[in-house]
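Okay, structure first, notes after.
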Amino acid sequence: MNRQTFLRPVRIIVSIFFLVGFILIFSDVKAKLPSGISLFFTSFQFLPSILKFPNVPGIISSGFIFIIVLSLFSGRIYCSTFCPLGVLIDALGFLKRKLPVKQKRRKYKKPLNIIRYSILALAIFSLFFTGILAINLLDPYANFGRIASNLYQPVFIVMNNLLSKLFVSMNIYSIQPLVFNVFQALPFYAGLTVFLGIIVMVFFRDRLYCNTICPVGAILGLLSKISFLKIKINNSSCTQCGKCQIACKANCINIKELKVDTSRCVSCFNCISVCEESSIGYKNTWIRKSEIQEKTDTAKRNLIKAGLLFLGINPLLAKAEGEDKEGGHGTKRFSTRGPISPPGSVSIDHLKKNCIGCGLCISVCPSDVLQPAFLEYGFTGMMLPRLDNKIGFCNFECTKCGEVCPTGAILPLTIPEKKLTQMGIVQFRQGLCIVESEGTACGSCSEHCPTQAVYMVPYRDDLTIPEVDPDICVGCGACEHACPVIDPHAAIYVFPHEVHQAAKEPVSEKVEVESTEEFPF
Amino acid sequence: MKRRDFIRRSVTASVATGTLFSMGKWNTLLASGISSELPFDMVAVKNGNPIEMFDMGIAALGGMKNFVKPGQSVVVKPNIGWDSPPERAANTNPELVGQIVKHCIAAGAKKVTVFDRTCDEWTRCYKNSGIEQAVKDNGGQMVTGAIEADYMPVKISKGVTLKETKVHKLILESDVFINVPVLKNHGGAQMSITMKNLMGIVWDRRFYHKNDLHQCIADFATFRNPDLNVVDGYRVMKQNGPRGVSVNDVALMKYLILSADMVAADTAATKVFGIETAMVKHIGIAEGLGVGTTNLESLNIKRISI
């Protein structure tokens, strides 16, 4: 088994590659990177991929199948390589051991199975019945996203701006400063809570989160129990020196009984690297089953397997049910309006059923119009993206949020599709408009309108005043953002659709000019 | 502690010198005003591509050396307001901007910076307008206009409504200011030409819209006259401006107007566009404030047809 020592360095290289990749995609605040890079890294995420598959079937959304097959082959490889939170936890554990304080040796710990499987049951229950809030709060990728977009990103922006200042002082303008947008308390504290929680858990046991709270870890752990390759101790050559037990981040090696709890093993291969006798390593467990099979409760195991399978196909079933609710509120008032959901999110319902709140769309939105919701979508919709027209407006030519969404909560749209997607419709309150109230020219709304759904028509005293054509409005919010009126609210604003509609294409006639040889002056 | 003190002192000193330095330049800027040695008050060029029209126009004014002295810093302010490609003419023609940068560098400019306070998201505007590439290719540097901290409070002594605002520091610090608007229709301000283009160097545009747009545009025109205005009338957005909906809004007119007088340039541009100058209120108000003249007959105009 000696030759298996190559596994640990390979694992470390792959995991660093993925962590760096995730840091990169969450740093891309001006959407400069091709969306494919983002899709590559997120496509290996188990739960997002399961959610995405029914929405956008294809290779890129089949990552969960790869993870399942990989887990059935060689255990929880996912947890030590592709999972950004798992790798972050490893990095924190690494730092912990560098601390100049006396630390306890790691030893075998009993699994906290009641908590682990209760949480898994809760997660599955949530997927079926209560929307996916519970999963949002538990999923490792979503939690990593929360840390990355709310804690790491401000740090990145500050560093970028300091570097930019330094360069500008040398007359180099190649690094452009970035604007740090409004402080959003809820997402910040959510990110902070997750991060501190992870640190505390790492302090107790390196992979406590992964083996107790993480529903993905629990599922893959169950798959690992029947995997082809498992980490096993060779009873005949093992000297019970205990080095592997000390090296085990998951506290799952029981050296007294020469057993490895495969459901908790995260395939970090530390044990293989420390074993001088080459007595621990991957072993084929399917062919000589009788030797290895302990007295396990196969009935229980099958039940779990069935549940797993059910979990995998559940979103497909949920999609098939269909959920069309009409949302017409052309005459509703500003004060009663709900949140505007991103272009490609189909409907608020679709968003709430598919979004895990990782914040990637919010991170990459170049105009910063996407902001995390507080209670706008209701309690179960916290942290979901919504358009905040006070901060920005949706760039007509941009389709970034749908391109990077790892779950298909925001479907990828082509630019022509996006330009005909109506997230809401324009409402004009003439009584509030500057042109009427002050009698002076403005037109800021019409100026910003990409389809001229807001256009200026003659008004008294040579003035022009806005008029609206809601049919060609896409609900981008440019008019609302640009309107100089703020009290009590903009004179022109977007009223959201609960279910997005199709906008009509704007038509304009080709201008004709007669060319003259003479100068007109 | 000694080292810390040293650092602290040197930082303070450099900040102080920096401030003095920029103040000094600012004062000379304000004093210099419009160069009186130009051979013409205005040059109008037609029927060429943006590059050749500019080459001929600037040559008629005695070359860029009449505006940019070796070692000076130049700021070029095109219209880059929208995430829109060149053929839609919502932004200044990128080839024209690139050519202006090229002439400035050739005249010995120490640095040429280009910026706009965009309406759409700025990185997309810079890129998709083609201006970023054109500027870089010709040796200039793009600077963001999206950072509020870069805008410095100024007083507009001749302003009627707009008496103070915040202006981008590049306008205050650069030796030479070249204003490069694109000629287009504008829903709110009727026309967007040289004076309307200056809304892209101030931070708070909302104030303008709230407090009589035309008066504010004219007020701000009294603050700092550009050393040169180059009006891009190559592709002209005739309707649905300033953003436009499609290429249907655009006519190929192939004009270029160069002048140091914003009121005169705007007057000539309205005539090219085919609208009564009086319809564009801020032009008349600015003339009343002494920014320039709408009486083109009083000016020495060079007309070039290619």
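Every read-out reported here was derived from the displayed coordinates using simple, explicitly stated rules and does not represent laboratory data. Worth saying up front: this structure is predicted, and the values here are computed from it rather than measured. Cβ: placed from backbone, ideal geometry, glycine included. Neighbour counts: every protein chain shown.
Things to note:
- Gyration tensor verdict on region A:94-199 (Cα atoms; rounded if a/c is under 1.5, prolate if a/b is larger than b/c, oblate otherwise): oblate
- For the pair region A:487-519 / region A:190-204, the C-alpha centres are spaced 49 Å from each other.
- For peptides B:112-121, A:393-402, B:48-57, sequence by mean Cβ density within 10 Å, most packed first: B:112-121, A:393-402, B:48-57
- Value of [θ]222 nm, deg cm²/dmol, for chain B, DSSP H segments ≥ 4, -39500 (n - 2.57) each, nearest 500: -11000 deg cm²/dmol
- Packing-based ranking of B:231-237, A:93-99, A:423-429 yields B:231-237, A:423-429, A:93-99, ordered from highest to lowest mean Cβ neighbour count within 10 Å.
- Packing here is the average count of other Cβ atoms within 10 Å per residue, and on that basis the peptides A:354-367, B:156-169, A:19-32, A:474-487, highest first, run A:354-367, A:474-487, A:19-32, B:156-169.
- Where GluC sites (Glu not before Pro) fall in DSSP loop in region B:245-301, at most 13 other Cβ within 10 Å: B:E276
- Relative to the dominant Cα principal axis of chain A, helix A:185-204 is inclined by about 10°.
- Other protein chain Cβ atoms within 10 Å, averaged over every residue that makes up B:210-220: 3
- Stokes-Einstein diffusion for the protein assembly as shown, with the hydrodynamic radius set to the Kirkwood value over Cα pairs and evaluated at 25 °C in a medium of 0.890 mPa s, equals 82 µm²/s.
- Per residue of peptide B:275-282, the mean number of Cβ atoms on other chains within 10 Å of the residue Cβ is 1.
- Calculated mean residue ellipticity at 222 nm for chain A: -12500 deg cm²/dmol, from DSSP H runs with n ≥ 4 weighted as -39500 (n - 2.57), summed, divided by the residue count and rounded to 500.
- Each residue of region A:503-513 was assigned a 3J(HN,Hα) from its phi angle through the Karplus expression (A = 6.51, B = -1.76, C = 1.60, θ = phi - 60°), giving 8, 7, 6, x, 10, 9, 7, 5, 6, 10, 10 Hz with x at Gly and Pro.
- The alpha carbon gyration tensor of region A:1-49 gives principal lengths a ≥ b ≥ c with a/c of 1.5 or higher and a/b greater than b/c, which makes the shape prolate.
- Dipole orientation for region A:1-91: of the candidates A:F6, A:V20, A:F82, A:F6 has the Cα lying most toward the positive pole (charges on Cβ; Lys, Arg +1; Asp, Glu -1).
- Positive-end extreme of charge dipole, chain A - chosen from A:F64, A:C248, A:L99 (charges on Cβ): A:C248
- In terms of its alpha-carbon gyration tensor, region A:379-502 comes out prolate; a/c meets the 1.5 threshold, and the first ratio a/b outweighs b/c.
- Measuring nothing but how far apart in sequence close Cα pairs (under 8 Å, 6+ apart) lie, relative to its length, chain A scores a relative contact order of 17 percent.
- Rg and Dmax of region B:67-191, Cα atoms only, in Å: 14.8, 42
- Along each principal axis, taking the top coordinate minus the bottom one, the Cα set of region B:230-306 gives 38, 31, 18 Å in descending order.
- FRET E, pair A:D471, A:T239, Förster distance 60 Å, beta-carbon r, rounded to 0.05: 0.15
- For B:I304, the residues whose modelled amide H falls within less than 5 Å of its own, excluding neighbours fewer than 5 places apart on the same chain, are B:A44, B:V45, B:K46.
- Within 10 Å of the Cβ of each residue in A:442-454, the mean number of Cβ atoms contributed by other protein chains is 6.
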